[in-house]
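Structure record follows, encoded as structure tokens.
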Amino acid sequence: MSLDVIAFAVTSAIMLLAAIGVIKFKEIVRAALMLFFVFTLVGVLFLFMEAEFLAIIQVLVYAGAVVILVLFAIMLTRREGAVGYLGERVGVLKPVTVLALISALFYFVFRIGWFAPKGELHGTTKFLGQELFTKYILQFELLAILLLAAMIASIYLVRREVQ
Amino acid sequence: MLDLRPYAYLIPLLPLSGFLLELFFGKYTWRRGGIIANILIFISMLISFGIFYNLYFEGLPYTEYSWQWFYPGIVLGVVVDPLSIAMCCMVSFVSLLIHIYALGYMDEDPSKALYFAETVLFTGGMLGLVLSNNLIQLFIFWELVGLCSYLLIGFWYYKPEAAAAGKKAWLFCSVGDFLFLFGIAVVYKYMFAHGEPLTFSNIFIHLEEGVIPPEVLTLVAILMLAGVSGKSSQFPLHGWIPDAMEGPTTVSALIHAATMVTAGVYLVARTFPLYLAAPHGMMIVAILGAFTALFAATLGLVVNDLKRILAYSTISQLGYMLSVLGVGGVVGAYAVGFSLYHLISHAFFKALLFLCAGAVLHGLWNTRCIYEMGGLWNKMKVTAITMLVGSLALIGFPLTAGYFSKDMIVEAAYEFAVSGDSTLAYLPWIFLTIGVLLTATYTFRAYFTVFTGKPKTYLAEHAHEASKIMTTPLVILAACALLFGAVQKPFYHFVSTTFDYLNLAHLAEMGGNHVAHVAHHEHAHVPITIKFLPTVLSLTGLGIAGYFYYNHRIDVGKYITRDNPIYKLLWNKYYIDYLYKDIIVERIVVPLAMFVDSFDMYGIDGVVNGIGRITMSIGKAARKIQTGDIQDYMVPFLIGIGIIAAIVKLLGVS
Amino acid sequence: MIPLEYYLAVSSLLFTIGAYGALTCKNGIRVLMCLEIMLNAANINLVAFSRYVANATGQVFAAFSIAIAAAEVAVGLAILILIYRMYNTVDVSKLIEMRW
């Protein structure tokens, strides 16, 4: 058990607990907080995987922007006595499906022989930049347009009519 | 003279087209309809007589023309031979006269164009029937004339009796037609490997080879006789004609005197070789015809409706025509000649009688009971005289056409009787002879009651003669009834050559008939007393009728009351109608129909509706899946992902 | 080096938790949050494979995924707010107009 595995295990455990927390907390702001933890810990996991640039992006975008968005939405849709979890009314089909899903996924993960790492990654930031602006330039530009469209859409959707 | 034989198909086609023309445009023509019909029938008549001239005076050969139809071996065809052409001439001529008469008779009727459309359709159908050269086409026209009969009997459909009578006619005919069709099917079954299966000439040629076994021939003969009974109203399917008198009198004249009812006789005449070759076939026909002749004559004695008397007389005379075809076993091909001769002369005088009756009814505002008439001799001279001529012809008074035809029949029946080998063979002759007496009696009972004596009612006192357009056909028909006798011998010679192309002697032997002289009949050896017996009997009958009814001398009602058992039997028509309606229909057919109907309603509809209901209930249950809750929809979503992954794994897609 | 299976296992678990939450939670915002969790799990997967094949394409994909997810969250929350204005609730079990 080398150190990095232990560190990895701890990080993952906390992340998973936080994810469970998103579901379980009755108070939705706490759930949002848990979400924040999940995002941040996913970023840490990226660091484990030697993807520094992505880790930064993750924290910036997700933990930084998405969580804020969620909090704003919570603020604008507040009601008294809003409950989070379905409780006993879940039924039998949903847990069973989820169990089946996890079993299948674990089957794929553990029974299939994966491979040893192939080699060292180059410095990712530079490499990412190169790929993004040469090979994937079209997708990059399309993404920009998509973001613009999303921005306009959300602004338009939620504006109140001016009297 | 131009060879008209290839144009024979125009003879039925013109009146048939007249149907559509009258139907759609008749009401715009002169006096609201009828002119087109008359013109087309006149042209048909000209063509018929033209072809007759071709065949008889120019001696052009007999022929037939056929065109392939919907199935190999089934043809549409016209046969041009003496039998068909004689019928064509008669049908078109008499039909034309009746149509002219109807121009006057139906003048005030609001549906005049429709009437003429139906009668011209009927004429076209009849002409098509006699010109058909194969069984299936004949059957089609057979049904067509049956349909027109139904339409025309129930012409005044708002009268419930008329509608019921039309229905009755159709039902009786249908029973016969069904069996007839069955007979055609049997013929087809045996013949379909031998050329055109249903064409007459082909069937007859193969008869000699024994393609159809003898028992089957008898079966076919009986089945076709069923059709004949329906159409020509022989026993037991005779019941529709008396009721059919509910239709206009011109309809009765056209359909039930001259043309449609003779279709049955024509069929037997046309298939004469088949009846010759069928064992016992001739005997059955002879006895059936003779029995019906007697049977109907007895019923004619008690009926009080003028048209009904004539109706029973029609049935009776048809029996004569049929039985002479049956006794033709002894006279060979001449039987066809005898029968057809009587058929044509009967057409003349029966149509004449019906038209006269129509004139009487017209003048008396549709009174039909003879006891409400009387003394019309002074009021309607022309009608009275022509009706007298017709009646005399009907009873076979010497020198009228009826005399020549009817006597010949009775003589032939006598020959049959003496040459037959069983006592059964005497029956036709006995029946026919008694029938002569009765015919004379009831005919003149009617005549004297209507035309002599004092008028019984107000209407009878103020009767008037019919218009020129109605009396002219009467005079023409009377002349024919008188003069047709002159052409007796040539007619026989002419018609009997129809079947020259077959070996009738051989066929007759196949059927077990003794044939004295097959092709050319010389007057056989009939004792003088027998020869004159019919004449004596008819004059006796006339005398009896005159004794009782001339000037209404004796009130027969005093001697024969309503309770007299014989009277009751005859009045109820031997309870046959009762048998059919109350017993067969009520007790057997109706429950059967109800059972079938309920099977259809609950069984078949149940299955069909049940399938619909099952589908609907499945739908009702299945739609509960759509809860509207999106989280419920995600479950199948995830399951689907799993399945796709499994498939990808299984297929080993890299 | 941490074996690949560990990363995959973690990402599977995270995905499953997210799925359960998306299936189960009543509050619409919570459902969206769980959706994000699922997206993140997928991203972990992508990057893990990218590391082990020594190909940075996976990271590029993940970067795009992050950006698009952000846009999607924005629009999704906007719609949720609209729903709140109309129905005065964000309880997804109440939004069942498309029922049988």
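The values are calculated or read from the model by the stated rules, or taken from the named source; none is laboratory data. All values derive from a computational prediction rather than experimental measurement. No Cβ is skipped: glycine too gets one built from the backbone with ideal geometry, and neighbour counts run over all protein chains shown.
Some observations on this one:
- Residue match in the range B:75-85 (condition: within 30 Å of B:Met470 (Cβ to Cβ), surrounded by 24 or more Cβ atoms within 10 Å (Cβ to Cβ) and either without any contact (Cβ under 8 Å) to a residue 12 or more places away in the chain or not assigned by TED's automatic domain parsing to the domain that holds B:Leu353 (or both)): yes
- Test: residue in the range B:112-119 that is within 14 Å of B:Ile41 (Cα to Cα) and either in contact with a Phe, Trp or Tyr (Cβ under 6 Å, 6 or more places away or on another chain) or without any contact (Cβ under 8 Å) to a residue 12 or more places away in the chain (or both): yes
- Scanning the range B:175-198 for residues being outside any helix (DSSP H, G or I), over 16 Å from B:Leu267 (Cα atoms) and among the hydrophobic types (A, V, I, L, M, F, W, C) gives a total of 2.
- Residues in the range A:94-109 that are closer than 18 Å to C:Gly21 by Cβ and more than 9 Å from chain C (Cβ to nearest Cβ) were compared, and the one that is surrounded by the most Cβ atoms within 10 Å (Cβ to Cβ) is A:Ala100.
- Qualifying residue in the range A:74-82 (condition: assigned to a helix (DSSP H, G or I), exposed (fewer than 13 other Cβ atoms within 10 Å of the Cβ), of a type outside the set (S, T, N, Q) and at pLDDT 75 or above): yes
- The range B:94-121, residues that are buried (at least 23 other Cβ atoms within 10 Å of the Cβ) and β-branched (Val, Ile, Thr): B:Val94, B:Ile98, B:Thr119, B:Val120
- Helices (runs of 4 or more DSSP H) fully within the range B:381-467 that include at least 3 residues being crowded, with 21+ Cβ neighbours inside 10 Å and either among the small types (Gly, Ala, Ser) or under 26 Å from the mean Cα position of the chain (by Cα) (or both): B:381-395, B:401-419, B:426-451.
- Among residues of the range C:43-56, those that are more than 7 Å from chain A (Cβ to nearest Cβ) and either outside any helix (DSSP H, G or I) or surrounded by fewer than 18 Cβ atoms within 10 Å (Cβ to Cβ) (or both), counted: 1
- Taking the numbered list (1) more than 14 Å from chain B (Cβ to nearest Cβ); (2) of a type in the set (A, V, I, L, M); (3) touching a Gly at 6+ places or on another chain (Cβ under 9 Å) in turn, C:Val75 passes all entries but (3).
- Test: A:Val59 is within 7 Å of another protein chain (Cβ to nearest Cβ), within 18 Å of the chain's Cα centre (by Cα), over 18 Å from C:Val90 (Cβ atoms) and surrounded by 15 or more Cβ atoms within 10 Å (Cβ to Cβ): no
- Members of the range B:617-633 found to be of a type in the set (Ser, Thr, Tyr) and either more than 9 Å from chain C (Cβ to nearest Cβ) or over 20 Å from C:Tyr20 (Cα atoms) (or both), listed by number: B:Ser617, B:Tyr633
- Residues considered: C:Gly18, C:Gly58. Of these, the only one that is free of Cβ contacts under 8 Å to residues at least 60 places away in the same chain and touching a Ser or Thr at 6+ places or on another chain (Cβ under 8 Å) is C:Gly58.
- So B:Tyr56, is it surrounded by fewer than 16 Cβ atoms within 10 Å (Cβ to Cβ), hydroxyl-bearing (Ser, Thr, Tyr) and more than 24 Å from B:Asn202 (Cβ to Cβ): no
- Whichever residue in the range B:325-382 is touching a Leu at 6+ places or on another chain (Cβ under 7 Å) and of a type in the set (Val, Ile, Thr) and, among such residues, is nearest to B:Ser232 (Cα to Cα): B:Val336
- Only one of B:Ala293, B:Ala263, B:Ala257 that is over 15 Å from the mean Cα position of the chain (by Cα) and of a type outside the set (S, T, N, Q): B:Ala293
- Selection count, the range A:118-152, where residues are among the small types (Gly, Ala, Ser), surrounded by 11 or more Cβ atoms within 10 Å (Cβ to Cβ) and either farther than 13 Å from C:Ile68 by Cβ or more than 10 Å from chain C (Cβ to nearest Cβ) (or both): 2
- The one condition in (1) facing chain C (nearest Cβ under 7 Å); (2) touching a Phe, Trp or Tyr at 6+ places or on another chain (Cβ under 8 Å); (3) not hydroxyl-bearing (Ser, Thr, Tyr) that A:Leu35 fails to fulfil: (2)
- The residues of the range C:1-22 that are under 23 Å from A:Gly91 (Cβ atoms) and either under 12 Å from the mean Cα position of the chain (by Cα) or more than 7 Å from chain A (Cβ to nearest Cβ) (or both), listed by number, are C:Phe15, C:Thr16, C:Ile17, C:Gly18, C:Ala19, C:Tyr20, C:Gly21, C:Ala22.
- Qualifying residue in the range A:16-31 (condition: of a type in the set (Val, Ile, Thr), surrounded by fewer than 20 Cβ atoms within 10 Å (Cβ to Cβ), facing chain C (nearest Cβ under 10 Å) and free of Cβ contacts under 8 Å to residues at least 24 places away in the same chain): yes
- Meets criteria (outside any helix (DSSP H, G or I) and surrounded by fewer than 24 Cβ atoms within 10 Å (Cβ to Cβ)) for B:Glu143: no
- Of all residues in the range B:36-48 being in contact (Cβ under 8 Å) with a residue 60 or more places away in the chain and among the aliphatic types (A, V, I, L, M), the one that is surrounded by the fewest Cβ atoms within 10 Å (Cβ to Cβ): B:Ile36
- Scanning the range B:213-222 turns up one or more residues that are surrounded by fewer than 21 Cβ atoms within 10 Å (Cβ to Cβ), at pLDDT below 85 and among the charged types (D, E, K, R).
- Test for C:Ala78: is it surrounded by fewer than 19 Cβ atoms within 10 Å (Cβ to Cβ), of a type in the set (A, V, I, L, M) and part of a helix (DSSP H, G or I): no
- Exactly one residue out of B:Gly603, B:Gly628, B:Gly610 is outside any helix (DSSP H, G or I) and either surrounded by 11 or more Cβ atoms within 10 Å (Cβ to Cβ) or not aromatic (Phe, Trp, Tyr) (or both), and it is B:Gly628.
- Enumeration of residues in the range B:92-140 that are in a loop (DSSP other than H, G, I, E, B) and more than 25 Å from B:Ile184 (Cα to Cα): B:Met106, B:Asp107, B:Glu108, B:Asp109, B:Pro110, B:Ser111
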